[in-house]
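The values are calculated or read from the model by the stated rules, or taken from the named source; none is laboratory data. Keep in mind it's a predicted model, so treat the numbers as computed, not measured. Counting neighbours? That spans all protein chains shown, and the Cβs are built from the backbone with ideal geometry, glycine included. Heavy atoms of the whole protein, side chains included, go into the accessibility calculation; ligands, DNA and RNA do not. Shrake-Rupley method; radii C 1.70, N 1.55, O 1.52, S 1.80 Å.
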Amino acid sequence: MEKEELKQRCLDAIDENRDLIIQLGDDVYKTPELGYKEFKTTERMIKAFQEIGEEPETEIAYTGCKVSTPKKGNTRIAVIGELDCIQCKEHPDSTPEGNVHACGHHAQLADLYGCAIGLLRSGVMKELGGAVDFIAIPAEECVDYDYRDSLIRENKISFYGGKQEYLKRGGFDDVDMALQCHMMEIGNGRHCTIDTDCNGFVTKTVTFIGEAAHAGFAPHEGINALNMAELALNNIHALRETFQEKEKVRVSAIITEGGDLVNVVPAVVKMQIMVRAFTIDGMLDASKKVNRALKAGALAIGGKVEIDDKIGYLPMNTNRELSTLYKENMIEYTGAEKDSFVELYETAGSTDLGDLSQIMPCMHIWTEGITGGLHSKDYRLADPELAYIVPAKMMALTIIDLLYDNAKKAKQILDNFKPTLTKESYLELKKEHSKLVVFDGSEL
Ligand SMILES: [Zn+2]
Ligand SMILES: [Zn+2]
């Protein structure tokens, strides 16, 4: 069968099931759950897959589920939708805890489902030279550390990010490339961003340890942990001029425990820090400097600091060849003008698709159908056709392009791709740079 005929069948299948796809997106929106807590959302996805006659594999990365087509040839493509929400208490649709889909993951799931319907219900898979995994994956937002640390202690997960966890469990072992979308307000008459590159980050849980003393009678007998933290913050600010523009370094810090009683010299002060940069080297360099700043704070006051470093997400380098196929389908099948795209979109935000993009070709498109800022109280679904249906169609058409003619295009992209890491060197990198650093400034 001609490629164009396969594509038309796929588009027809999505159009015929439009209501199912929209209902799924709208239902998921109503039960927002944070990462690794997406039990209801996973259940809803399982039900959705069952409605189209598929029995998904479940608990794939603690939560989450997946439908796989049988092995065919040597090429397997993953389509990914994320299950978790974010918190934004000011958002009118948020739950009492503040949970809300203000990152559009509900639209991603509708898109994943629509893509599955297009490829599976149309019968086009039997004409293609490869296989597809439809993956509903947990925990993209890197938040809620205490809960995730408790899961790590109980050996239920190893990593904060759902894709990291799934990668470690072997979920991507036979996958060759991955496709994903996020939804945001694009504006200026543009439809979507074609290439997205973004920062990676290191997280630090920092504990300054001093000694308590009466703040009035005998502050000279204390070792003030809050002063250590304050100096450390100033040290970090003094380092900012050393960060190179091209690295888009962001160092964000909060004090999570700042002392107990005002008339006692604070003995323990805790901070959380996120260090972001555009390359892996940039991340590690900035992280090392921040550790120096933290140690210098402890040293000046003669106290201790413990820095629990964890490599968060790696920078994302999207694959230009994959996103070009998506763009060409937008032009051909939605009538989008050639110049109605944001060709390159570089941000200092982060996603765990970044980790995967260092290992295999990954596509990440930011697409339209939304108004308001990401993670903000204004984020709204403006048009289900644009946020749910169009990306589902374009993703499915891109897969047909990749797998048609014995997966010729997919093989070509794989031949051109040079991974920076393998699964093994990735896990090694995470291990090497995720450790507890202890510095005792009282010895000097
Ligand atoms: Zn987000
Ligand atoms: Zn997101």
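Using a 1.4 Å probe on the protein chains only, how many percent of the accessible area of the chain belongs to carbon and sulfur? C and S atoms contribute 49 percent here. When Rg and the Kirkwood Rh are both derived from Cα coordinates, the Rg/Rh ratio for the chain amounts to 1.03. Helix-only estimate, please: 222 nm mean residue ellipticity of the chain, summing -39500 (n - 2.57) across DSSP H runs of length 4 or more and dividing by its residues, to the nearest 500. Only helices count here, giving -12000 deg cm²/dmol. A cut-off under 11 angstrom between Cβ atoms defines the neighbours of residue 274, and their net charge, with Lys, Arg +1 and Asp, Glu -1, is +4. Label reach from residue 371 (point 7 Å along Cα→C-beta): in the range 57-98, amide nitrogens under 20 Å belong to 90-94. Using a probe of 1.4 angstrom and keeping all protein chains present, the accessible surface of the chain works out to 41 square angstrom per residue. Projecting label points 7 angstrom from Cα along Cα→Cβ for residue 432 and residue 415 puts them 3.2 nm apart.
Within the range 23-53, whose backbone N sits under 19 Å from a point 7 Å along Cα→Cβ of residue 126? Counting backbone N atoms under 19 Å from the label point, the list is 52-53. The residue 272 and residue 220 beta-carbon pair, evaluated with R₀ = 25 Å, returns a calculated FRET efficiency of approximately 0.25.
The distance from the alpha carbon centre of the range 157-221 to that of the range 276-304 is 17 Å, rounded to a whole number. Maximal additional length on extending the residue 241-residue 334 stretch stands at 28.9 nm, based on 0.36 nm per residue less the C-alpha distance.
Result for the chain in a Gaussian network model with C-alpha springs under 10 Å: among 406, 155, 227, the largest mean-square fluctuation is at 155.
A cut-off under 10 angstrom between Cβ atoms defines the neighbours of residue 135, and their net charge, with Lys, Arg +1 and Asp, Glu -1, is -1.
Summarising the strand pairing of the chain, around 70 percent of its internal DSSP beta bridges are antiparallel. The length gained on full extension between residue 8 and residue 263, counted as 0.36 nm times the residue separation minus their Cα-Cα distance, comes to 84.5 nm. Here the spin labels are modelled as points 7 Å beyond Cα on the Cα-Cβ line, and at residue 23 and residue 158 they lie 4.0 nm apart.
Distance from the alpha carbon centroid of the range 46-123 to that of the range 341-373 works out to 17 angstrom. Of the trypsin sites (Lys or Arg not before Pro) found in the range 287-338, those that fall in a DSSP loop while having at most 14 other beta-carbon atoms within 10 Å are 338.
Given the options 326, 426, 345, which has the most mean-square fluctuation in a GNM of the chain, springs set between C-alpha atoms less than 10 angstrom apart? Highest fluctuation among the options: 345. From zero up to wherever the largest Cα-Cα distance of the range 200-313 sits, split into 5 Å bins and tell me the percent of pairs in each. Percent of pairs per bin, in order: 2, 13, 23, 21, 16, 11, 7, 4, 2, 1, 0. Which entries of 338/393; 248/393; 248/409; 126/338; 163/288 have Cα-Cα distances beyond 23 Å here? Pairs exceeding 23 Å: 248/393; 248/409; 126/338; 163/288. Counting charges near residue 119 (Lys, Arg +1; Asp, Glu -1) among other residues having Cβ under 12 Å from its Cβ returns a value of +2. Think of the range 256-364 as a dipole: +1 on every Lys or Arg Cβ, -1 on every Asp or Glu Cβ, centred on the Cα centre; then among 300, 286, 360, 300 lies furthest on the positive end.
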